[in-house]
Amino acid sequence: MGQENPIHEIDAYILVSPTTNDPEGNTILDGLHQLGFNEVSKVRFGHVVTFDVNASTTEEAISTVERVFDPAGDIPINSQIYSPNVHQVTLEAKSNPDVTQTLTETTTSTKRRSKKKAE
């Protein structure tokens, strides 16, 4: 009887790219300023999608979720929450927060930028 792979919980943080106008973030920022939170200088609005992935390693789990966001893939994610021309996606493994992956329109699937969080 074979051993089953562990479940890796991968969060996908979907934010408007820093170079793209973010009307929702601007609306929230305006509201915060009206409430007196003038020390807040920028708000970026986004979504978090959590995936439970059965994979032998964290890197394999991240790679699986990365394929979900690949615009050239067979199953593109709902275009209402993700467009590679507008959004930046950061994938983070909850089991190993040092493993992250950022996907942008210029780094989709062929180039990847991994980084470790600052301690």
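Just so it is clear, none of the values below were taken in a lab; they were calculated from the coordinates. Since we're looking at a predicted model, the values are computed, not measured. Heads up, the Cβs are rebuilt from the backbone with ideal geometry, glycines too, and the neighbour counts pull from every protein chain shown.
At a glance:
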item	result
Built amide H within the under 5 Å cut-off of Val53, gap 5+	His8, Glu9, Ile10
GluC sites (Glu not before Pro) restricted to DSSP loop in the stretch 1-42 with at most 12 other C-beta within 10 Å	Glu4, Glu39
Positive minus negative residues near Leu29 (Lys, Arg vs Asp, Glu; Cβ under 14 Å)	-2
Ranked Thr27, Thr19, Thr64, criterion: other C-beta atoms within 10 Å, fewest first	Thr19, Thr27, Thr64
Chain lengthening between Arg44 and Glu60 when straightened (0.36 nm per residue, less Cα-Cα)	2.9 nm
Packing-based exposure ordering (other Cβ within 10 Å, fewest first) of Leu91, Leu35, Leu15	Leu35, Leu15, Leu91
Potential extension, Asp30-Ser95 segment - 0.36 nm per residue separation minus Cα distance	19.8 nm
